[in-house]
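Each value in this text was obtained by applying a stated rule to the coordinates, not by laboratory testing. This structure is a prediction, so every number in the text was calculated from the model and none was measured. Quick reminder, even Gly has a Cβ in these numbers, built from the backbone with ideal geometry, and neighbours come from all protein chains shown.
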Ligand SMILES: [Mn+2]
């Protein structure tokens, strides 16, 4: 339980904190808020973080300390917001730690730590970090409040999702006692650059809707990317873009196809209803969940789309 992780923290000196690949606001926010807490306690903290981190997540100074690799040995490694070891960025460094603690809120968590605390009652891992501050009797600093707000706001869709509880709001109210300029964080999370807008215009231009407007497919090609290659920058700009097409009224399945090479395409699939997109991804050698999956497809875009149209039909 959480107490055994608190005990591990108390007796450890050198601590590594990591989180999932392609980190979101909860991942980055809870990593930094926990790191700041550990530093208050006089611990030596190392953060190994994916380089695929969006600049908009860097809301305060602590993210300047992120590194991508480490040679160090640790007393303790703490993995946050990640249900499976292999999804962790830098999971290979867990073996450089004497002990591993896992703190998460995904119901699917595989409990891959020596000590695990998984609470699916909380909307964000940031909520658990706030509890840990309380249990250790440490005041949340001005900076830590921003990271915790980022965590809570991101995983709750700005406090709109069904995972929000009275506790989420109580904790947020407490953060407002510390600082109240969270509008700036909201603005930073929501705004995007001209490049993303240009990519979006391509995706919108290429939309195909069929099956009584229940399925939507779109694509983006190599020539549309700024660097004419699907590099990290392009991937970052395209992050969550599938949500824009899936949010169209009555849509049950959304597909976004990204050209990676001449004859190679990356396919992202989302389901809003009962249709199992993981089953489609599996046919192409990919995987995922019922409502979110991905795979690669070979050939030309015309053939790939007509094949997908045959495979994906909803009632
Ligand atoms: Mn989360």
Quiz item: How do 167, 224 line up, fewest other C-beta atoms within 10 Å first?
Solution: 167, 224
Self-check item: Rounded to 5, percent antiparallel among DSSP beta bridges of segment 2-190
Solution: 5
Self-check item: Radius of gyration and Dmax over the Cα atoms of segment 2-190, both given in Å
Solution: 15.0, 43
Quiz item: Of 151, 83, how do they rank once you tally other Cβ atoms within 10 Å and put the fewest first?
Solution: 83, 151
Quiz prompt | On Cα atoms only, tilt of 125-136 relative to the major axis of the chain in degrees | solution = 0
Quiz item: What is the spread of the Cα atoms of segment 243-307 along each of their three principal axes, largest first, in whole Å?
Solution: 32, 21, 18
Self-check item: Fraction of beta bridges assigned by DSSP in the chain that are antiparallel (%, nearest 5)
Solution: 45
Quiz item: Rounded to whole Å and sorted largest first, what semi-axes of the equivalent ellipsoid does the C-alpha gyration tensor of segment 194-311 yield via the square root of 5 times each eigenvalue?
Solution: 21, 16, 13
Practice problem: Between 102, 125, 215, find the one with the highest GNM mean-square fluctuation for the chain; connect C-alpha pairs within less than 10 Å. | Solution: 215
Practice problem: Counting only C-alpha contacts under 8 Å and six or more residues apart, can you give the relative contact order of segment 194-311 as a whole percent? | Solution: 18
Quiz item: Between segment 283-310 and segment 1-58, what is the C-alpha centre distance in whole Å?
Solution: 36
Quiz item: Measuring from centroid to centroid over Cα atoms, what is the spacing of segment 203-280 and segment 142-176 in Å?
Solution: 30
Quiz item: If you project the alpha carbons of segment 176-256 onto their three principal axes, what span does each projection cover, largest first, in Å?
Solution: 51, 35, 16
Practice problem: Considering the convex hull of the alpha carbon atoms of segment 1-96, report its projected area averaged over all viewing directions, in nm², one decimal. | Solution: 5.9
Practice problem: With 10 Å bins from zero, work out the P(r) of the chain over every alpha carbon pair and list the percent per bin. | Solution: 6, 25, 31, 24, 13, 3, 0
Quiz item: residue 41 versus residue 135, label points 7 Å from Cα toward the beta carbon: distance in nm?
Solution: 0.9
Quiz item: Order of 1, 135 from fewest to most other C-beta atoms within 10 Å?
Solution: 1, 135
Quiz item: Pairing the Cα long axis of helix 2-11 with the longest principal axis of the chain, what angle in degrees results, from 0 to 90 and rounded to the nearest 10?
Solution: 60
